């Protein structure tokens, strides 16, 4: 039986044309990273940057910043899955509900 990942939905309020950022703590030491899934017709990803915060040779830990600009009002979701390059299923899942005002 497949293991079910518990998901908490986080809410974001935004305005059309105004960028907003999502910041995720990420440990890339074992080769994982968060990958977003979203409707590109209504949300534009304008920046995807990783800032390493721990400076130890054996660790790669830091903050992953995603910046989006909504182009249409409404309610949308962005789902982030923590994935390994060699694994088909997600280790973790983060869901953001974005409410965009016109």
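Throughout, read-outs are computed from the coordinates displayed, never taken from laboratory work. Values in this document were obtained by computation on a predicted structure and should not be read as measured data. Here the Cβ is made from the backbone with ideal geometry for all residues, glycine too, and neighbour counts use every protein chain on show.
Highest first, please rank the peptides 38-50, 63-75 by the mean number of other Cβ atoms sitting within 10 Å of their residues. Mind dumping the intermediate values first?
On the way: 38-50: 13.2, 63-75: 15.8.
For the peptides 38-50, 63-75, the packing ranking is 63-75, 38-50.
Rank the residues 26, 8 as a footprinting-exposure proxy: fewest other Cβ atoms within 10 Å of their Cβ go first. Kindly include the intermediate steps, with their values, before the conclusion.
On the way: 26 20, 8 7.
Final ranking by Cβ density, sparse to dense: 8, 26.
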